[in-house]
Every structure is written in structure tokens, then in C-alpha cells.
């Protein structure tokens, strides 16, 4: 499949980004589109999420205590995350 994708998109490397079936480009093209503020208009509105900073602020205002961690409270990523969860529990 890897070689067929290169042929299909006429693009020699990966990653390859497609939006609604249209080939957009590889990393360098995506970065260029972002720098020129041309990337977001290509993305269908239903695929766009809330701005991450707005999501962080909303989470902080919705709860008295908020812990951002790697993993989940039941399966923390490492000992530091587990220790933070244990302290809050």
C-alpha cells in the first residue's frame, strides 16, 4: 500500500495529508499552508475542534480542581502521574 499511495498521490514521501479525498501534500506543504494561514480554511468545519487554549480555560472554570496528566487516572503514564493522582485521591 505504501508504494501505491506514493503513486496515487504522486508524492514521494510520508506523511501524506488528504482532506475530503483531495491530496494536500506532505509535511513541508502543510507547514507552508499553516504559515500563510491557508490550512484551516481547507479543513471542513465539522472537523475543527475548539481552540486548545479555550478548552484548557473551560476545563479550569468548570471544576474546582483540574489535573492535566499523561495517561488516565486509572492508568497513569508513569510514576509522577500516579503520584499526583494518588495525592488527589
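Read-outs: derived from the displayed coordinates by stated rules, not from any lab. The structure presented is a predicted model; accordingly, all values stated were derived computationally and were not measured. Cβ placement follows ideal geometry from the backbone for every residue including glycine, while neighbour counts extend to all protein chains displayed.
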Say each of residue 38 and residue 65 gets a label point 7 Å from the Cα, pointing the same way as Cα to Cβ; how far apart are those two points in nm? 5.0
Choice from 24, 40, 64 showing the highest fluctuation, given a GNM over the chain with Cα pairs closer than 10 Å: 64
Mean-square fluctuation maximum in Gaussian network of the chain, Cα pairs under 10 Å, restricted to 38, 62, 16, hits 62
Determine the shape class of segment 1-48: with a ≥ b ≥ c the square roots of the Cα gyration tensor eigenvalues, call it rounded for a/c under 1.5, and otherwise prolate if a/b is greater than b/c, oblate otherwise. oblate
Roughly speaking, what is the centre-to-centre gap between segment 37-83 and segment 1-36 when only Cα atoms are used, to the nearest Å? 27
Could you identify which residue out of 75, 50, 35 has the top mean-square fluctuation in a GNM of the chain using Cα springs shorter than 10 Å? 75
How much FRET efficiency would the formula 1/(1 + (r/R0)^6) give for residue 19 and residue 54, where r is the Cβ-Cβ distance and R0 is 25 Å, rounded to 0.05? 0.60
Based on other C-beta atoms within 10 Å, arrange 34, 47 from fewest to most. 47, 34
